[in-house]
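**Q** Sharing a structure below in structure tokens format, with a few things to ask.
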Amino acid sequence: MALLVHLLACAFGMGSWLAVNGLWVELPLIVNTLPEGWDLPSYLTVIIQLANVGPLLVTLMHKLRPGYLKETVVIYAILTIGVLACVLLAFFWHVTTVVAGAPHSTAFFIITFFLSLVDCTSSVTFLPFMVGLPAKYVTTYFIGEGLSGFVPGLVALAQGVGMASCVNTTRNATQNLAGGGDSWTLQTQYLPPNFSPEVFFSFLAATMCVSLAAFCALKRLPPIFLELATETLVPDLSASASTGLDNPGLEPDRGPLQHETEETNRNEPVVAKLNFSVHQLGFIYFLVVWVNLAANGLLPSVQTYSCIPYGNLAYHLSAALTSVANPVACIVAMFFPNRSLLFLGVLGVLGTAFGSYNMAMAALSPCPLLQNSAVGLAIIVLSWVFFTGTFCYVKVMIGVILRDKSHSALVWCGAASQLGSLVGSVTMFPLVNTYKLFKSGDYCNTKCPL
């Protein structure tokens, strides 16, 4: 019986960030179709930040009207919105409208906002609900949360990418402004992937349905099921994941499983409070701001410019593998933790070096280093994977350190994370879209020096 509850908790956790992760790994197939082109990721980073209005409203409601807002109702609402938004995305992702005299992906942006609203709000609603279950199932929930990035990445790898080819097209005298008769031009055409974006978005909708069904089952699970689930199928690491996360302002709904929680939590170890100097705390929070500023704002906005010059395959692999690297880094941090500030600082410098290379290649677009070689393709993909992995490990370990210090330290960690992400995305948006500091190119017609 324990296996059933673990599976339900894992499926519920998958619905947390599935939609946003799915959008990022699908960008290599839609960026050449939508009118924003290579600027599309910079729009998404800003939209995701705007969606933080969801968790802000939930938090304010808990502070101003304690007990008025029920997590269960909010979770039902956001998971339902997630399912509907994924279904709408499958049908309308390519629909454009004219805004300010230019075509824009209005439908895609609106649906993306609601998907981001679902995922951002899940951060302040899913975990409080899981706290109402025995602690061992919280660990499984975090595994499911990691799979929300891992599974879309694997599906994207199976989907493949539309390889580009150059096709000669004829331009007759009436189309030729020079009036010199027919002329030949090279046009880039993209071969279809193994299955379409519509199928991928339908898969996201189906997975969100599974998450919604898992939540319904967890909410209605009779207490006898938990009484029979005596064996633990995974190591009870949730003590380190949940200690200090309890927010008195976020009072979870007390379901039928709540009575098991007190007995389980009484056996959890008490973690000693950690004392840091002002300089050490300043360094920790600087790392939080910088890691989130770079990983959630600066670099994602220009991933197209750093990868597509090496070919659509490079962008496809970097998007899919970074999505896989994120949960893998979380698992590594869970089983091989290292709280040394010196070690985390070295990792931060290493991740910054990888990020700097990615940014430099974006600045050199459309003619980066080693453009027409397999070595250049491999380097840019690995650079993105290691950039994501190192920074993800740093974020997890900082969360563990601050969790053991105090609840207020975690609150400030969350605020610093959002500040860094917001500053990074808002900074890059005008640089990419207004000042045009990064140049796009065409696979067949861009001429680069040898």
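**Q** Search the range 401-439 for residues being touching a residue at least 40 places away in the same chain (Cβ under 8 Å) and among the aromatic types (Phe, Trp, Tyr), and hand back the single one that is surrounded by the most Cβ atoms within 10 Å (Cβ to Cβ).
**A** Top of the filtered list is Phe438.
**Q** Separate question: Could you look through the range 155-206, keep only residues that are surrounded by 11 or more Cβ atoms within 10 Å (Cβ to Cβ), assigned to a loop (DSSP other than H, G, I, E, B) and of a type in the set (A, V, I, L, M), and pick out the one that is modelled with the lowest pLDDT?
**A** Top of the filtered list is Ala173.
**Q** Can you confirm whether Leu313 is at pLDDT 50 or above, of a type outside the set (Asp, Glu), under 30 Å from Ile379 (Cα atoms) and surrounded by 15 or more Cβ atoms within 10 Å (Cβ to Cβ)?
**A** yes
**Q** Then there is this: Scan the range 84-95 residue by residue and report those that are in contact with a helix residue (DSSP H, G or I) (Cβ under 7 Å, 6 or more places away or on another chain), open to solvent by 20 Å² or more (accessible area, probe 1.4 Å) and either farther than 26 Å from Ser211 by Cα or touching a residue at least 60 places away in the same chain (Cβ under 8 Å) (or both).
**A** Within the range 84-95, Val87, Val95 qualify.
**Q** Okay, next question. Just give me the residues in the range 29-45 being open to solvent by less than 40 Å² (accessible area, probe 1.4 Å), part of a helix (DSSP H, G or I) and touching a helix residue (DSSP H, G or I) at 6+ places or on another chain (Cβ under 7 Å), in sequence order.
**A** Listed by number, the residues that qualify are Leu29, Ile30, Trp38, Asp39, Leu40, Pro41, Ser42, Leu44, Thr45.
**Q** Within the range 93-114, how many residues are in contact with a Leu (Cβ under 7 Å, 6 or more places away or on another chain) and among the hydrophobic types (A, V, I, L, M, F, W, C)?
**A** Adding up the residues that qualify gives 3.
**Q** Just to be sure I understand the filter: pairs with C-beta atoms under 8 Å, separated by 6 or more residues or on different chains, first member in the range 285-306 and within 23 Å of Asn32 (Cα to Cα) and crowded, with 24+ Cβ neighbours inside 10 Å, second member at pLDDT below 95 and basic (Lys, Arg). Which pairs pass?
**A** Short answer, once both residue conditions are applied: Tyr305/Lys439.
**Q** Moving on to the next point. For the range 440-448, indicate whether the set of residues that are in contact with a Pro (Cβ under 7 Å, 6 or more places away or on another chain), closer than 24 Å to Tyr357 by Cβ and open to solvent by 60 Å² or more (accessible area, probe 1.4 Å) is non-empty.
**A** Within the range 440-448, one or more residues are in contact with a Pro (Cβ under 7 Å, 6 or more places away or on another chain), closer than 24 Å to Tyr357 by Cβ and open to solvent by 60 Å² or more (accessible area, probe 1.4 Å).
**Q** Does Leu117 qualify as being part of a helix (DSSP H, G or I) and open to solvent by 20 Å² or more (accessible area, probe 1.4 Å)?
**A** Against the criterion (part of a helix (DSSP H, G or I) and open to solvent by 20 Å² or more (accessible area, probe 1.4 Å)), Leu117 qualifies.
**Q** What pairs can you find where one residue is in the range 311-335 and touching a residue at least 12 places away in the same chain (Cβ under 8 Å), the other is of a type in the set (Asp, Glu) and buried (at least 21 other Cβ atoms within 10 Å of the Cβ), and their Cβ atoms are less than 9 Å apart, with a gap of 6+ or different chains?
**A** Pairs that qualify, where the first residue is touching a residue at least 12 places away in the same chain (Cβ under 8 Å) and the partner is of a type in the set (Asp, Glu) and buried (at least 21 other Cβ atoms within 10 Å of the Cβ), are Ala319/Glu26; Pro327/Glu145; Cys330/Glu145.
**Q** If we scan the range 324-333, do we find a residue that is surrounded by fewer than 18 Cβ atoms within 10 Å (Cβ to Cβ) and out of contact with any Phe, Trp or Tyr (no Cβ under 6 Å at 6 or more places or on another chain)?
**A** yes
**Q** Another question, then. Does Thr72 qualify as being touching a residue at least 12 places away in the same chain (Cβ under 8 Å), in contact with a Lys or Arg (Cβ under 8 Å, 6 or more places away or on another chain), closer than 21 Å to Val210 by Cβ and not charged (D, E, K, R)?
**A** On the way: touching a residue at least 12 places away in the same chain (Cβ under 8 Å): yes; in contact with a Lys or Arg (Cβ under 8 Å, 6 or more places away or on another chain): yes; closer than 21 Å to Val210 by Cβ: yes; not charged (D, E, K, R): yes.
Yes.
**Q** Now, a different point. Name every residue in the range 360-385 that is in a helix (DSSP H, G or I), open to solvent by 50 Å² or more (accessible area, probe 1.4 Å) and within 15 Å of Gln303 (Cα to Cα), in order of residue number.
**A** Ala363, Ile379, Leu382 - these are the residues of the range 360-385 that are in a helix (DSSP H, G or I), open to solvent by 50 Å² or more (accessible area, probe 1.4 Å) and within 15 Å of Gln303 (Cα to Cα).
**Q** Consider Leu212 carefully, then state whether it is under 16 Å from Leu133 (Cβ atoms), open to solvent by less than 60 Å² (accessible area, probe 1.4 Å) and either at pLDDT 85 or above or not hydroxyl-bearing (Ser, Thr, Tyr) (or both).
**A** Details: under 16 Å from Leu133 (Cβ atoms): no; open to solvent by less than 60 Å² (accessible area, probe 1.4 Å): yes; either at pLDDT 85 or above or not hydroxyl-bearing (Ser, Thr, Tyr) (or both): yes.
No; evaluated as a whole, the condition is false for this residue.
**Q** For the range 62-81, indicate whether the set of residues that are in contact with a helix residue (DSSP H, G or I) (Cβ under 7 Å, 6 or more places away or on another chain), more than 28 Å from Leu133 (Cα to Cα) and either outside any helix (DSSP H, G or I) or modelled with pLDDT of 95 or more (or both) is non-empty.
**A** Checking the range 62-81: not a single residue is in contact with a helix residue (DSSP H, G or I) (Cβ under 7 Å, 6 or more places away or on another chain), more than 28 Å from Leu133 (Cα to Cα) and either outside any helix (DSSP H, G or I) or modelled with pLDDT of 95 or more (or both).
The values are calculated or read from the model by the stated rules, or taken from the named source; none is laboratory data. Model, not experiment: these values are computed from the prediction. Note: ideal-geometry Cβ built from the backbone for every residue, glycine included; neighbour counts use all protein chains shown. SASA here: full protein model, heavy atoms, side chains in, ligands and nucleic acids out. Shrake-Rupley method; radii C 1.70, N 1.55, O 1.52, S 1.80 Å.
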